[in-house]
Amino acid sequence: MTTPILLTDAQIQSYLINGYLTLQTTHDPAFHQQLHQQIETLYATTGNPSNDILPKVPELYQVLQDPAVHGALHSLLGPDYIVHPHRHCHQNSSGSAGQGMHQDSYENDQNVRHHRTRWAMAFYYPHDVTLDNGPSAILPATQYYTSAEQAHQREEIALCGKAGTVTIVHYDLWHRAMPNPSDRDRFMVKFLFTRMSEPQSPTWDHRDDAWTAEGNDPPALLCRRAWDWMRGAETTTAPSDTPTAELAQALQTAAEAERLHAAYALAARGEEAVPVLLEALRREATERLESNLAASQTNPSQLEAVFALSAVGRPCVPHMVDLLADEDWSLRAAAAAVLADLGAIASDTVPQLTRVLNDESEWVRRNAIEALGNIGPAADEAVPALTQRLQDDESWIRHNAAMALAKIGPAAAEAVPALKKKIEEDDYVGANAAMALERINT
């Protein structure tokens, strides 16, 4: 692996606000031309290779290992990030009408769209891409919004660039393929990446702790919280003068940006805000349950109160432990989602999270598995229960269990026999099982 060119403080802060970063790889034009020809030939002879694009065109690994690309991913996701088993070469055919703006799914999973940088995507162009042949486009600064109405308040930016251009985007950024009126197809290879351990300190070229970026869309408090989390630091933002009751009311507003601002403003009050946020969590979990379950790619715990409680941090943990035993499964699932976002901070909840791995609700099981994975090696006592979840009826729970065991790493050694049996399973269960075995060093 090449020595990474790490991002600067300014680049990290820009990414947290705008949700993307465009880089130019160091390979010469002939290298990208060769990749372009290989991809065109592959499509012409065997069609879209889907997840097999890397083994079919192994030179793509050199793009991922480029100092600028590797350095950016190292900076954003930590030095032990992994290339997710899902990857896809997108062919935007000549004459296509393009796509509508969307957020990507989590590949056979319905993850909560957390605000913290645990996932990223990269878009690679193997040839020059101009506005007239259907580039990818983004709505900048929309990665924290699930509402299309909110996202479309931003102006579209076309990601044009020369061969070798790589744009790294927050996983939840709204994007699309633009229309291609030209007489040639446009190719873009998309890769996914996942953080495998929680940040303890900055993993970029960090020089200054201060948040210096300006702007309030997305909410500045949200971005500053994400910045401090990536630094492994506590946030000490002074509470606003807005009365707590007024912020609590704003959590019920129709505008998503206003709800998020209120959520993080309440979180800045720390333990004082917990009763208000618990009340909001119960209300949101009930009021939004039906619509969240009806929406595709949506976890029922996609709630502003979940974000706010995780931003509060340690003071909310005992309350989440209580909710893990609530008779309402949606509240148990929400509590597990908060603990998942807290990660290592919730390490003393491993016994309670382990118990709910047998919950009757698949959503509780799924969110608890994610929490244990984010806690990491400190969740080693949950390995037997996570191993049992490799046999879950739901494939998306099985592949989350394999991912959690991968994050626990060598401390999950007793899961090796069960993981070996899963390597040949279709979809992402087998791929994540193989990854877990590699990280356990077998």
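The values are calculated or read from the model by the stated rules, or taken from the named source; none is laboratory data. Keep in mind that what you see is a predicted model, and the values were worked out from it rather than measured. Every residue, glycine as well, gets a Cβ built from its backbone with ideal geometry; the counts of neighbours run over all protein chains shown. Just so you know, the surface numbers come from the protein's heavy atoms only, side chains and all, with ligands and any DNA or RNA stripped out. Shrake-Rupley method; radii C 1.70, N 1.55, O 1.52, S 1.80 Å.
Odds and ends about this structure:
- Any hit, the stretch 219-239, residues being within 22 Å of GLN302 (Cβ to Cβ), of a type in the set (Lys, Arg) and either touching a Lys or Arg at 6+ places or on another chain (Cβ under 9 Å) or open to solvent by less than 40 Å² (accessible area, probe 1.4 Å) (or both): yes
- Residue check, GLU360 part of a helix (DSSP H, G or I), out of contact with any Lys or Arg (no Cβ under 9 Å at 6 or more places or on another chain), surrounded by fewer than 23 Cβ atoms within 10 Å (Cβ to Cβ) and of a type in the set (Asp, Glu): no
- Odd one out for HIS86 among (1) farther than 30 Å from ASP208 by Cα; (2) in contact with a helix residue (DSSP H, G or I) (Cβ under 7 Å, 6 or more places away or on another chain); (3) open to solvent by 20 Å² or more (accessible area, probe 1.4 Å): (3)
- Looking across the stretch 2-51, the residues that are over 30 Å from ARG113 (Cβ atoms), of a type in the set (A, V, I, L, M) and open to solvent by 40 Å² or more (accessible area, probe 1.4 Å) come down to ALA30, ALA44.
- Within the stretch 294-326, the set of residues being among the polar types (S, T, N, Q) and open to solvent by less than 10 Å² (accessible area, probe 1.4 Å) comprises ASN299, SER301, SER310.
- Selection status of ALA337, touching a Ser or Thr at 6+ places or on another chain (Cβ under 6 Å), part of a helix (DSSP H, G or I), in contact (Cβ under 8 Å) with a residue 60 or more places away in the chain and within 28 Å of ALA226 (Cα to Cα): yes
- Of residues in the stretch 387-425 being surrounded by fewer than 17 Cβ atoms within 10 Å (Cβ to Cβ) and within 23 Å of the chain's Cα centre (by Cα), the one nearest to ASN51 (Cα to Cα): SER395
- Residue that is nearest to THR117 (Cα to Cα), among those in the stretch 209-238 that are in a loop (DSSP other than H, G, I, E, B) and hydrophobic (A, V, I, L, M, F, W, C): ALA233
- For the stretch 263-293, filtering for residues that are open to solvent by less than 20 Å² (accessible area, probe 1.4 Å), within 25 Å of ARG366 (Cα to Cα) and touching a helix residue (DSSP H, G or I) at 6+ places or on another chain (Cβ under 6 Å) leaves 7.
- Qualifying residue in the stretch 327-350 (condition: buried (at least 18 other Cβ atoms within 10 Å of the Cβ) and closer than 18 Å to ALA436 by Cα): no
- Restricting attention to the stretch 109-119 and to residues that are open to solvent by 30 Å² or more (accessible area, probe 1.4 Å) and in a loop (DSSP other than H, G, I, E, B), the residue that is modelled with the lowest pLDDT turns out to be GLN110.
- Selection status of HIS70, surrounded by 15 or more Cβ atoms within 10 Å (Cβ to Cβ), touching a Phe, Trp or Tyr at 6+ places or on another chain (Cβ under 9 Å) and in contact (Cβ under 8 Å) with a residue 12 or more places away in the chain: no
- With respect to the conditions (1) closer than 22 Å to ARG87 by Cβ; (2) in a helix (DSSP H, G or I), ALA378 falls short on a single one, namely (1).
- The one condition from (1) of a type in the set (Lys, Arg); (2) under 25 Å from TYR106 (Cβ atoms); (3) open to solvent by 20 Å² or more (accessible area, probe 1.4 Å) that ARG195 does not meet is (3).
- Residue list for the stretch 278-322, filter: in a helix (DSSP H, G or I) and of a type in the set (Gly, Ala, Ser): ALA280, ALA285, SER291, ALA294, ALA305, ALA308, SER310, ALA311
- ASP241, sole failed condition from (1) out of contact with any Gly (no Cβ under 9 Å at 6 or more places or on another chain); (2) under 22 Å from ALA226 (Cβ atoms); (3) not in a helix (DSSP H, G or I): (2)
- Residues located in the stretch 140-160, provided they are under 20 Å from the mean Cα position of the chain (by Cα), hydrophobic (A, V, I, L, M, F, W, C) and open to solvent by less than 20 Å² (accessible area, probe 1.4 Å): ALA141, ALA151
- If the condition is being without any contact (Cβ under 8 Å) to a residue 24 or more places away in the chain and farther than 21 Å from ARG184 by Cα, then the stretch 38-56 contributes ASP52, PRO55, LYS56.
- Boolean, ASP80 is open to solvent by 20 Å² or more (accessible area, probe 1.4 Å) and within 23 Å of ASP341 (Cβ to Cβ): yes
- Unique match (being buried (at least 22 other Cβ atoms within 10 Å of the Cβ), aliphatic (A, V, I, L, M) and in contact (Cβ under 8 Å) with a residue 12 or more places away in the chain) among ALA137, ALA163, ALA122, ALA97: ALA122
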